[in-house]
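Each reported figure results from applying straightforward, stated rules to the coordinates on display, with no laboratory input. Not measured: the values here are computed from a predicted model. Glycine also receives a Cβ, built like all others from the backbone with ideal geometry; neighbour counts cover every protein chain displayed.
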2 protein chains.
Amino acid sequence: MKDEHEQPAALRHAQSSSSKSEFDFIASLRQRVTSSALKSESLIAGIGDDAAVFRSSTGKETVITADLLVEDIDFRRTTTPPYLLGHKSLAVSLSDIAAMGARPMWSLISIGVPEDVWQTKFVDHFYDGLLELANHYGVQLIGGDTSRTTESIVIDSVVAGECAAGNSVLRSGARPGDQIFVTGSLGAAAAGLRLIERGAHLAEQNLADEDSQKLDHVLIRQLRPEPRVGWGMVLGEEHLATAMIDLSDGLSSDLNRLCAASEVGALIDSALLPIDNRVVELCGRRALDPLQLALHGGEDFELLFTVKPGDVARLPKRVDGVEIKRIGEVKEAVKGIEIAEGSRVWELKPGGWLHF
Amino acid sequence: MKDEHEQPAALRHAQSSSSKSEFDFIASLRQRVTSSALKSESLIAGIGDDAAVFRSSTGKETVITADLLVEDIDFRRTTTPPYLLGHKSLAVSLSDIAAMGARPMWSLISIGVPEDVWQTKFVDHFYDGLLELANHYGVQLIGGDTSRTTESIVIDSVVAGECAAGNSVLRSGARPGDQIFVTGSLGAAAAGLRLIERGAHLAEQNLADEDSQKLDHVLIRQLRPEPRVGWGMVLGEEHLATAMIDLSDGLSSDLNRLCAASEVGALIDSALLPIDNRVVELCGRRALDPLQLALHGGEDFELLFTVKPGDVARLPKRVDGVEIKRIGEVKEAVKGIEIAEGSRVWELKPGGWLHF
């Protein structure tokens with residue numbers, strides 16, 4: 001699945017030469033589970049969306065997601081302070097709940113660490129960062145598991161959320177003519193990862209000049225992502241989004257997933273992409289391409305969503321200080337998924353990386 | 001925390017010399033979470049029981065648990081067929097749901113495997129075993145995550161169950177005078193682990209003589225534990241158990257936990273312990289002590305529960321073909337936790353092992 005774009009060295013998405021795809025596996029697992037005679041009637045969405053959705057008998061929907069974070073795949077111990085790892089472990093799951101249009105309610109965190117890490121303050125600092133974010137959004141930590149591992153740190157973050165019946169936003173609801181939006185800005189998390197891999201680290205705050213403030217900004221976008229919880233809730237509650245996904249693997253990959261689930265195509269205008277300003281400023285001197293980072297870099301944890309033309313005027317200008325940007329339009333499936341760069345139009349292949 | 005008992009070489013419970021205890025950590029985490037101003041009013045039990053319990057607005061209680069299984073801590077790849085690992089990963093969480101007196105409803109499974117394992121049929125066979133057990137109990141697999149790891153296989157198994165309001169059975173409800181019971185039999189899982197560590201493996205069925213059938217039995221108790229789902233539901237629905245815990249770390253450890261949560265003591269009669277017959281028969285020739293395995297060996301996944309004297313006559317003789325055995329009585333906390341062996345009475349210290 002090699003494509004013509006430069007591939008950012010995202011740890012998480014290191015492309016492998018494998019013949020077996022994670023997506024194929026999940027699709028086949030979903031098939032086996034869906035065809036089970038025991039499928040619950042209250043299950044609205046199971047494997048294959050950002051989160052599973054249940055309808056309870058009170059008419060509320062419960063949305064639940066799990067994210068596995070593995071040392072040296074998803075993060076490095078040496079470059080990720082434990083406090084920020086705790087924050088990020090919860091943030092990635094909150095982002096999935098936001099992408100379903102739901103309010104996050106509770107969490108289970110399982111963490112495995114080797115003996116030498118257990119003997120430090122690592123796990124305490126991990127939970128400091130995690131609980132600060134949980135408290136910020138009123139999320140209750142209700143359980144999980146703690147285990148020893150032989151070498152690597154591993155975390156499984158499970159978060160459940162809730163919304164009124166019929167308000168959960170699946171990936172599958174986009175229709176031709178819907179306008180495509182993203183929250184916030186793109187590319188900084190991937191730029192941050194590349195710079196961390198080259199040895200960059202957060203500056204001492206009181207020593208920071210203007211350039212290192214820019215650098216800190218992109219590092220923080222990588223190390224301390226802010227899930228778009230407010231936007232997710234507004235888009236769900238107000239029935240504004242017809243389909244939604246969070247940008248964890250990169251715009252090109254995640255747009256392809258949304259379009260596949262909705263059985264539609266899309267046309268994106270590269271000039272409309274809200275590429276992070278500081279990424280543009282930092283990239284020039286560092287031989288990075290901001291557009292490639294914005295299209296294929298993962299972990300921005302922005303929301304990508306589609307809106308009926310008649311609902312566009314109802315969209316708030318900003319939520320929690322975060323703006324949104326229209327970047328394109330949903331097309332018929334036969335049109336494929338394309339990106340316009342000036343007068344040229346290219347096929348936009350998934351350039352985010354798969355685990356396998 | 002060394003004690004005078006022989007310590008079975010349980011992988012999972014390998015005792016370490018660490019100064020920092022997993023239980024202390026969980027207790028302190030529970031304290032931090034409980035003291036949060038954001039604690040949900042519908043949360044009946046959070047961190048620290050077999051599972052967390054929620055009361056939904058319909059009056060049903062939702063019970064949810066997570067179990068992290070790590071290669072070379074909880075299992076070895078070379079001695080655990082993937083099909084049985086899938087079974088066990090779900091079984092340990094079903095056992096927690098049973099210990100809450102609830103009916104298991106749905107599950108999220110996160111699994112991380114290294115690239116070379118991904119290229120085999122390992123994950124397929126893992127899910128074969130897992131889904132067979134899930135289907136047996138009508139449990140819906142609704143999601144989870146799949147990730148690459150650098151070396152080890154890691155699994156996080158989350159299961160949620162449901163019961164009528166007020167029916168969940170916590171660890172904290174035992175009172176002096178209550179009778180102490182266990183389901184099934186004790187010691188076989190720990191014997192199986194020891195024999196696997198010495199090189200034993202499941203016999204070809206049609207070649208099995210009487211002795212290798214006994215051996216297979218204890219190996220299967222280790223590799224393919226049967227959660228006591230039926231007993232858990234009966235004890236919860238019929239309000240028969242005042243407190244309950246599943247035997248994952250060993251009777252001595254788990255009884256100590258139940259007593260600590262209930263603020264009571266206990267007296268166990270060693271002559272009443274339902275030690276697995278085949279363990280007794282196999283142990284003689286193999287220098288293993290059946291009583292030590294029954295007391296301190298983990299992973300039997302039987303249920304340990306307490307019953308008011310007036311309710312003992314209401315207990316069914318068997319559920320799903322599994323019998324129960326009275327093994328002792330709840331005492332005042334000042335009496336401590338003791339075991340009688342003939343005319344001698346010993347303090348029963350936790351001999352199951354901690355992760356840290």
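Quick notes on this structure:
- Taking a ≥ b ≥ c as the square roots of the eigenvalues of the Cα gyration tensor, an a/c ratio of 1.5 or more together with a/b no larger than b/c marks the range A:278-356 as oblate.
- The count of lysine pairs in the range B:171-347 with alpha-carbon distances below 28 Å, taking only pairs 8 or more places apart or on different chains, stands at 9.
- Peptides A:187-197, A:166-176, ordered by how many other C-beta atoms sit within 10 Å of their residues on average, highest first, read A:187-197, A:166-176.
- Couplings 3J(HN,Hα) for the range A:165-176, derived from phi with the Karplus relation 6.51 cos²θ - 1.76 cosθ + 1.60 (θ = phi - 60°), are 4, x, 8, 5, 9, 8, 6, 9, x, 6, 10, x Hz, where x marks Gly and Pro.
- Summary of the geometry: the range A:67-138 and the range B:269-347, compared by the centres of their Cα atoms, lie 40 Å apart.
- Amide proton proximity set for B:Ile275, modelled H, under 5 Å, gap of 5+: B:Leu186
- For A:Glu162, the residues whose modelled amide H falls within less than 5 Å of its own, excluding neighbours fewer than 5 places apart on the same chain, are A:Val63, A:Arg103, A:Met105.
- 7 Å along Cα→Cβ, label-point gaps from B:Gly166 to other copies, nm, shortest first: 3.5
- Checking every one of the trypsin sites (Lys or Arg not before Pro) in the range B:250-356 against DSSP loop status and a limit of 14 other Cβ atoms within 10 Å picks out B:Lys317.
- A label point on B:Glu210, set 7 Å along the Cα-to-Cβ line, lies at 9.1 nm from each of its counterparts in the other copies, closest listed first.
- Annotation: amide H of A:Asp50 within the under-5 Å range of A:Arg171, sequence separation 5 or more or interchain, hydrogens built in the peptide plane.
- Pairwise FRET efficiency - A:Glu238 versus B:Thr120, Cβ, R0 = 51 Å, nearest 0.05: 0.60
- Computed from phi, the 3J(HN,Hα) profile of the range A:182-199 under the Karplus parametrisation 6.51, -1.76, 1.60 (θ = phi - 60°) reads 10, 7, x, 9, 10, x, 5, 5, 5, 4, x, 4, 4, 6, 4, 4, 8, x Hz, with x in place of Gly and Pro.
- Restricting the trypsin sites (Lys or Arg not before Pro) of the range B:61-139 to loop positions (DSSP other than H, G, I, E, B) with no more than 16 neighbouring Cβ atoms within 10 Å leaves B:Arg76, B:Arg77, B:Lys121.
- Summarising the rotation from chain B to chain A, the nearest chain B beta-carbon to the axis and its distance in Å are given as B:Asp156, 2.
- Charged side chains reduced to their Cβ positions (Lys and Arg at +1, Asp and Glu at -1) give the range B:171-347 a dipole of some 240 debye around its Cα centre.
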